[in-house]
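A quick write-up on the structure given underneath.
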Amino acid sequence: MTFAELNLHPAVLQALADCGYNEPTPIQAQAIPEALAGHDLMASAQTGTGKTAAFMLPAMQRLATPSPVKSRGPRVLVLTPTRELATQVSEAAIKYGKHLPKVKTVSILGGMPYPLQNKLLSQPLEILVATPGRLIDHIQRGRIDFSRLEMVVLDEADRMLDMGFLEDVETILNATPASRQVLLFSATFEGTVAKLAERMLKNPVRIQVAAQTARHENIEQRLHVVDDMEHKNKLLEYLLADTDISQAIVFTSTKRDADDLAGHLYDLGHHSAALHGDMNQRERNRTLTQLRRGALRVLVATDVAARGIDVPGISHVINYDLPKFAEDYVHRIGRTGRAGASGIAVSFASNRDGMHLKRIERFIGLEIPRHTVAGLEPKRPLRTEPKPGGGKRFGGKPSYGNKSGSGAGKPRNEGFNHSRATPRHGEGKSGGHKKFAPR
């Protein structure tokens, strides 16, 4: 099947041709015809399979025909859980709509100045991409006109609900016309997602191209057992010295660790930067722009970056800390191996991570192959069952790097952003974060 066989508008087909796209991916081939037919959708597909185009192309098809309603408000609304994903969706909208007349896309995100957003919303627009919290603010202030809204997309609905946006999403949907079409994309159809769909969607067509637990066949997964923090850091430094790594994302569990690890790696000579939720939007956009342009070789991030970053140059993902939730492992490693390319995902695990690892392997239906580095082999085997009577966390709780408190360990400012954010929600409390062992 080709995109031309989907009966898309010539201007949309031209945009796809400009991108070099000819054949739809499985999720696109199944979702686009149903969306064009006007059905509500519940769709699930593995990350990196082209789901953004699966909803954006039907949206463009609608915009190819002028609306009979005279209004400045949007005709298409896309809700996303994170600012990074919103940015990705906005870029896709611009790319696919560039040959259509008068298709303006506006992003309304947390962290953006309200005066700028007020100005953008006062002008005619066709596509509104927003995070739920900030959109609610504008709805409550009467700044959003939904009178000509035709389509609502809930992108990564499961993550939005996990982040506590259920009430906001329902409020937003209740503020839209009853005639609107709803396209819901989610990794799972269970729990609160199913309840939301039951209340807000009209006889939705269910599409599940690949289960979230499907293996990433083009991504080689590796596990390195680590004894302690010194061992882990030596392994990380060894891996990043590999010239086969074009760009890598290193995932940490806390914002403070992301900042400090990025600074440490910069001091070792790596072009590195941090990305996490305490950075303002301008800082995050600048960091992502540097990553896309190849100015960054290593991005150190929390799970805020696990979804929504689509950079073809990411050859490796390294789980410096294992994720708290097994499904986040799938989204993390999906940052590499994009668009059919191959990738490598490396995870570190110590005995304190045994149960986390067991849950991840059960979730993905695969035992992650164990790897070792000559001279850096672990001194003790990995334990995946709780130790009787508990056990201490390895490494203690000292801080990263220099203890002088003068900002040592932060990289010099040469265009890279390494803001040290104030910890929130208990992350990275003083004295509670990790330390790099002396080399």
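Every number in this text was worked out from the coordinates using simple rules, so none of it is lab data. Since the model is a prediction, treat every value here as computed from it, not as a measurement. As a convention, Cβ positions derive from the backbone with ideal geometry for all residues, glycine included, and neighbour counts pool all protein chains shown.
Here's how it looks for residue 250: its modeled amide H is under 5 Å from those of 299, 300, 301, 318, which are all 5 or more places away or on a different chain. Using every pair of separate Cα atoms, the Kirkwood estimate puts the hydrodynamic radius of segment 111-198 at 13.9 angstrom.
Over segment 12-113, the fraction of Cα-Cα pairs per 10 Å bin, rounded to whole percents and listed from the shortest bin up, is 13, 46, 35, 6, 0. Near residue 152: Cβ cut-off under 10 Å, other residues only, Lys/Arg at +1 and Asp/Glu at -1. The net charge is -1.
Note: relative contact order over segment 219-364, using C-alpha pairs below 8 Å and six or more positions apart, is 32 percent. If you find the alpha carbon centre of segment 260-288 and of segment 59-102, how far apart are they in angstrom? Distance between centres, Cα-based: 30 Å. What GluC sites (Glu not before Pro) does segment 124-193 have in DSSP loop regions with at most 12 other beta carbons within 10 Å? Hits after loop and neighbour filter: 190.
In nm, to one decimal, how far is the modelled label at residue 118 from the one at residue 325, with both set 7 Å along Cα→Cβ? Spacing of the two 7 Å Cα→Cβ label points: 3.6 nm. For residue 347, nonlocal amide neighbours, meaning residues 5 or more places apart or on other chains whose placed amide H falls under 5 Å from its own, are 222, 223, 224, 319.
For segment 291-363, which trypsin sites (Lys or Arg not before Pro) pass both filters: DSSP loop (anything but H, G, I, E, B) and at most 12 other C-beta atoms within 10 Å?
Working: sites: 292, 293, 297, 307, 324, 332, 335, 338, 352, 358, 359, 362; in loops: 293, 297, 307, 324, 335.
Passing sites in segment 291-363 are 293, 324.
Treating each Cα of segment 3-208 as an identical point scatterer and summing with the Debye formula, the log10 of I(q)/I(0) at q = 0.13, 0.18 Å⁻¹ comes to -0.66, -1.34. Projecting label points 7 angstrom from Cα along Cα→Cβ for residue 374 and residue 237 puts them 2.0 nm apart. Using Cα-only point scatterers and the Debye equation, what is log10 of I(q)/I(0) for segment 219-364 at each q in 0.17, 0.18 Å⁻¹, rounded to two decimals? Those come out to -0.92, -1.04, one per q.
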